[in-house]
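Undergrad: Got a structure for you, written out below as structure tokens; questions coming shortly.
The values are calculated or read from the model by the stated rules, or taken from the named source; none is laboratory data. Note that the structure is predicted; figures quoted are calculated from it, not measured. Positions of Cβ are backbone-derived with ideal geometry, glycine not excepted, and every protein chain shown enters the neighbour counts. For the accessible areas, the whole protein counts, side chains as well, though only heavy atoms, and no ligand, DNA or RNA atoms are used. Shrake-Rupley method; radii C 1.70, N 1.55, O 1.52, S 1.80 Å.
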Amino acid sequence: MKYLSRRLQSYKQLVKVDERKILPLILLSSIILTIAAYIRSINGPLIMDDNLFISSDKLSDISNHLSLYFRSITVVTFALNYNLSGLDLIWFRATNIALHIATSLAIFYLTYITLNLPAMKDNVKRNSIVISIAVGSIFMLHPIQTGVVNYITQRMALMAAMFSFIGLIFYAKATLSNNKKALFYFFLSAFFFLLGIFSKENAVMAILIIPIYDFVLISSFDWKKFKNRFLVFLILSAGVVVLAIYKLNAVKVAVELISLYGDMNQPMKAFAWSGADINWTPFEYLLTELRIVSRYIFLIFFPVTSFMVFDYSDAYPMSRGLFNPLTTFFSLLFLSSLFFLSLKYIKRFPLISFGIMWYFITISLESFIVIGLDPYFEHRNYLPSFGVFLSLVSLFTYIPSFKFKIRKEVVLFLIISLLFLLTFTRNGIWEKDETLWADTISKAPDNRRALLALSSLYLKNGEFYKAESFISEITKRQLTPANKFYTLLNLANIYKQTNRRNEANAIADSLLSDNTLNIVERSNVHLLKGEILKDDGDITNAKHHLEKAYEINKKTPAILLSLGQIYILSGEIERAESMLLDLLKIDTDNYIAHLMLGYIYMSKDMNKSEKYFSKVFDKSNISLKNIPINFIINYAQINLIKGEKKRAIMLFEKAIDLYPAYYPPYLFLGDIYLNAGDVDKAFKYFQKALSFKDSFVKDDPNTVLLYYNLAKAYIAKGEKDNAKRNLELFISTAGSDKRLQESFIKAKEELKLLK
């Protein structure tokens with residue numbers, strides 16, 4: 001028996017040693033798996049609000065954001081990203097991944113501190129490490145977080161949560177410290193909550209839950225222990241909240257919200273902060289949110305990726321009454337029962353009850369208080385989901401031991417492995433905007449925003465008939481004014497690109513006569529009209545509309561680019577140069593602007609011209625097939641002038657591969673090989689150029705010079721008659737062109753020698 005006792009004791013010691021080694025290893029594995037899961041989507045595109053916040057003109061000057069205003073703390077991190085790596089989205093997403101891991105580690109530490117509070121029971125403290133690692137790891141790898149991490153702008157929700165958790169850590173540490181240190185920690189807690197609120201406003205809900213956290217988990221329902229700290233909490237939180245209200249103009253929003261609540265059965269008015277596509281009544285909105293929040297909880301417990309929808313807002317089926325649909329009533333019953341049970345058993349199961357209350361309180365701002373927002377976005381669960389994970393994992397501390405035990409580390413590793421697979425799978429749709437929106441439509445077929453996004457995507461990619469098919473789908477649905485405007489704008493652009501100019505003009509003219517358009521919409525219509533007229537060759541009227549668009553919005557890259565082009569066409573080179581340089585201040589990576597400046601400087605500063613062209617041609621991420629043919633020819637000419645003959649030949653040959661029916665590359669290659677003494681190659685290229693004679697541009701001196709070059713090739717081949725015929729052709733057409741006078745004189749001399 002003594003032997004067995006010693007063996008059992010040694011086994012227990014071994015288990016303890018293993019646990020100390022295995023649990024940190026699981027946490028490290030979670031970090032590695034998180035990185036592996038999100039690397040898949042690191043090249044994803046900008047979507048929706050990303051385009052409002054992630055741009056050169058907004059982020060180039062960090063000093064503009066070093067103050068407290070709407071979500072300014074997050075915007076500072078965007079500006080830091082931009083100033084370190086430009087608009088390389090990989091680094092924006094890598095930052096989101098790093099912040100997500102940091103938030104998960106903060107959750108691990110917060111959970112660990114909480115479980116080791118003096119009021120916690122011994123069985124909870126014994127399991128504090130494994131519970132903390134489980135909560136942190138599950139939070140880190142759960143697929144419901146993919147919306148926050150991949151949707152760059154939702155770094156706002158991510159940072160609000162991260163600072164809230166850090167603020168709560170310092171609050172807990174303050175309660176465990178002496179007076180001076182405690183006050184310091186209280187101020188740090190207030191500071192981090194302030195950072196959270198100015199990352200995203202929902203952090204204020206985490207402040208509101210502090211008294212519950214203290215009373216339930218720290219003071220263990222002892223009012224005497226709680227009341228002194230509660231006074232400190234009130235003073236510090238009041239300071240934070242008052243500053244936030246002042247800086248965020250929250251009073252105005254509160255007044256607008258009260259107006260909505262005061263008229264529960266009328267369609268909601270639209271405000272600056274409200275969803276553009278939501279015209280439900282406040283009563284319908286609140287009833288619908290009961291079903292939405294129930295769905296969120298289902299997804300947290302059963303994170304099946306086939307049920308996850310990136311943007312379900314404007315397509316989510318509305319609740320028109322408590323029993324219409326019937327799931328509205330069951331959702332109300334489910335949520336109220338869950339909340340009631342959390343209150344009833346709060347003393348018996350404090351961790352579980354607190355976790356449930358955490359979820360309900362932190363989700364309530366965006367789901368039940370600020371009505372009129374887009375009703376459904378899974379990323380809103382980022383801060384609240386901690387409560388669910390804490391409740392779920394803590395549940396196991398109250399379950400009696402099973403007869404056949406399974407190592408908790410094994411169970412935890414299996415859970416995080418499953419979550420990794422689900423998150424990795426979900427991230428697959430974030431690799432491209434096409435797959436993201438296609439996935440959204442497959443689950444929410446009536447989502448007008450997704451249909452419009454795909455239409456815009458295919459329009460941008462030149463797949464016009466695909467774009468039109470999605471426009472056709474949108475028009476089958478009820479449209480809000482915002483939907484209608486952008487649907488018509490896309491349709492007009494499709495008509496423009498597919499040579500249906502009458503239809504495009506009709507839409508543009510009808511939109512210009514619409515007095516309800518806002519200034520941004522009106523500038524977009526003037527841009528469209530100017531582009532249509534430019535393509536029709538009506539430079540004067542095109543310039544009029546583009547200048548109108550510019551008057552309204554001087555910082556829209558598309559307007560600056562189009563106006564730069566129109567000034568080149570009208571011969572106003574200095575104005576074109578000014579527009580394009582302004583454009584590059586806003587969008588430093590706009591490759592068309594670089595190409596156009598390269599073209600402008602060809603006639604006055606060859607070094608500058610080469611510099612601008614090189615910024616495009618030397619970039620590995622820009623394919624030559626995306627560069628207009630005339631710019632490829634321009635850059636090849638520059639290389640030829642600078643003696644880079646091999647590179648010039650490569651560019652001319654690539655131009656032929658991409659545009660085989662475009663004649664100028666054949667002319668230049670023929671000339672290069674003629675001067676190099678390779679007459680056969682030169683002759684081949686000259687003959688190929690002649691086969692496209694019908695497409696020669698009028699007054700292009702190179703097409704006239706072709707006959708002189710052909711004559712020189714025939715002379716080299718000893719074919720005098722053909723040489724004479726081509727010299728005569730050249731002389732007869734080049735005589736009045738001053739640009740060809742030198743060649744004209746030489747041709748006449750050579751013709752005399754042949755006679």
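Undergrad: For Rg and Dmax of the Cα atoms in Å, several values are listed as [x] 43.3, 169; [y] 27.9, 84; [z] 34.1, 126; flag the one computed from this structure.
TA: [z]
Undergrad: Just want the answer: with Cβ charges of +1 for Lys and Arg and -1 for Asp and Glu, which residue in I73, L33, L115 is farthest toward the dipole's positive end in the range 17-145?
TA: Value: L115.
Undergrad: Then there is this: Using a 1.4 Å probe, what is the accessible area per residue for the range 226-273, in Å²?
TA: Here the residues of the range 226-273 average 65 Å² of exposed surface.
Undergrad: Would you mind getting the accessible area per residue of the range 80-192, heavy atoms of the protein chains only, 1.4 Å probe, in Å²?
TA: 33 Å²
Undergrad: Could I ask something else about it? Could you do me a favour and compute the accessible area per residue for the range 320-408, 1.4 Å probe, result in Å²?
TA: Result: 49 Å² of accessible area for each residue.
Undergrad: Let me ask something else. Between D694 and R725, what FRET efficiency comes out of the Förster formula 1/(1 + (r/R0)^6) with R0 = 22 Å and r the beta carbon distance, rounded to 0.05?
TA: Taking R0 as 22 Å, the efficiency between R725 and D694 is 0.65.
Undergrad: Using the Karplus curve 6.51 cos²θ - 1.76 cosθ + 1.60 with θ = phi - 60°, work out ³J(HN,Hα) for each residue of the range 484-494 in order, rounded to whole Hz, and write x for Gly and Pro.
TA: 4, 4, 5, 5, 5, 4, 4, 4, 4, 5, 5
Undergrad: Under 27 Å from the Cα of K225, which lysines turn up, not counting those fewer than eight places away in the same chain?
TA: Partners found: K121, K125, K173, K180, K181, K344, K347.
Undergrad: Enumerate the amide H contacts of D589 below 5 Å, restricted to partners 5 or more residues apart or on another chain; note that Pro and chain-start residues carry no placed amide H.
TA: none
Undergrad: Under a point-charge model restricted to the Cβ atoms of Lys and Arg (+1) and Asp and Glu (-1), what is the dipole moment magnitude of the range 555-654 relative to its Cα centre, in debye to the nearest 20?
TA: 320 debye
Undergrad: Moving on. In degrees from 0 to 90, rounded to the nearest 10, what is the angle of the helix 350-364 Cα long axis to the longest principal axis of the chain?
TA: Helix 350-364 sits roughly 40 degrees off the main axis of the chain.
Undergrad: Also, I was wondering about something else. In debye, nearest 20: dipole of the range 254-377 around its Cα centre with unit charges on the Cβ of K, R (+) and D, E (-)?
TA: Using only the charged Cβ atoms, the result is roughly 700 debye.
Undergrad: Would you work out which of N461, F163, L365 lies farthest towards the positive end of the dipole of the chain? Charges go on Cβ: Lys and Arg +1, Asp and Glu -1.
TA: F163
Undergrad: Can I ask one more? Could you run the Karplus curve 6.51 cos²θ - 1.76 cosθ + 1.60 with θ = phi - 60° over the range 378-383 and give me ³J(HN,Hα) per residue in whole Hz, x for Gly and Pro?
TA: Working through the residues one at a time gives 5, 5, 5, 8, 4, 5 Hz.
Undergrad: Please enumerate, by chain and number, the aspartates and glutamates with C-alpha under 14 Å from the C-alpha of K247, excluding those fewer than 8 residues away in the same chain.
TA: Straight-line reach from K247, under 14 Å: E201.
Undergrad: Got a sec to turn the phi values of the range 216-232 into Karplus ³J(HN,Hα) couplings, 6.51 cos²θ - 1.76 cosθ + 1.60 with θ = phi - 60°, whole Hz, x for Gly and Pro?
TA: 7, 9, 9, 7, 6, 6, 9, 4, 4, 5, 7, 5, 5, 5, 4, 5, 4
Undergrad: Just to be sure I understand the model, the point goes 7 Å from the Cα along the line to the Cβ. What's the resulting K408 to V251 distance in nm?
TA: 5.1 nm
Undergrad: How much length is gained if the chain between T540 and N64 is pulled fully straight, taking 0.36 nm per residue apart and subtracting their Cα-Cα distance, in nm to one decimal?
TA: My answer for the length gained is 167.5 nm.
Undergrad: Related question: Under the 0.36 nm per residue contour assumption, what length would be gained going from the current alpha-carbon distance of T480 and L569 to full extension?
TA: 28.2 nm
Undergrad: Considering only protein heavy atoms and a 1.4 Å probe, what is the carbon-and-sulfur percentage of the accessible area of the range 509-591?
TA: Percent of accessible area from carbon and sulfur atoms in the range 509-591: 50.
Undergrad: Can you pull the one-decimal nm distance between simple spin-label points at K717 and K619, each 7 Å off the Cα toward Cβ?
TA: So the label points at K717 and K619 sit 4.4 nm apart.
Undergrad: Specify which residue in the list I573, T540, S199 is farthest towards the positive end of the charge dipole of the chain, using unit charges on the beta carbon of Lys, Arg (+1) and Asp, Glu (-1), about the Cα centre.
TA: Of the options given, the answer is S199.
Undergrad: Return the lysines within reach of K443: Cα separation strictly under 25 angstrom, same-chain partners fewer than 8 residues apart disregarded; answer none if there are no such residues.
TA: Result set, ordered by chain and number: K432, K460, K466, K476, K484.
Undergrad: For the range 603-697, what % of the accessible area comes from carbon and sulfur atoms, probe 1.4 Å?
TA: 50 percent
Undergrad: Right, something else. What percentage of the solvent-accessible surface of the range 245-365, computed with a 1.4 Å probe over protein heavy atoms, is contributed by carbon and sulfur atoms?
TA: Of all accessible area on the range 245-365, carbon and sulfur atoms account for 69 percent.
Undergrad: How far is helix 679-690 tilted, in degrees, relative to the longest principal axis of the Cα atoms in the chain, given as a value from 0 to 90 rounded to the nearest 10?
TA: 80 degrees
Undergrad: Using the Cα centre of the chain as the reference point, and only Cβ charges (+1 on K/R, -1 on D/E), how large is the resulting charge dipole? Debye, rounded to the nearest 20.
TA: For the chain, the charge dipole is close to 3380 debye.
Undergrad: Another question about this same structure. Tell me which residues come under 5 Å, amide H to amide H, from T281 once H is placed; ignore anything under 5 positions away on its chain.
TA: For T281, whose amide H was placed from the backbone, the distant partners under 5 Å are M268.
Undergrad: Points 7 angstrom from Cα along the Cβ direction at S336 and L517: gap in nanometres?
TA: 5.0 nm
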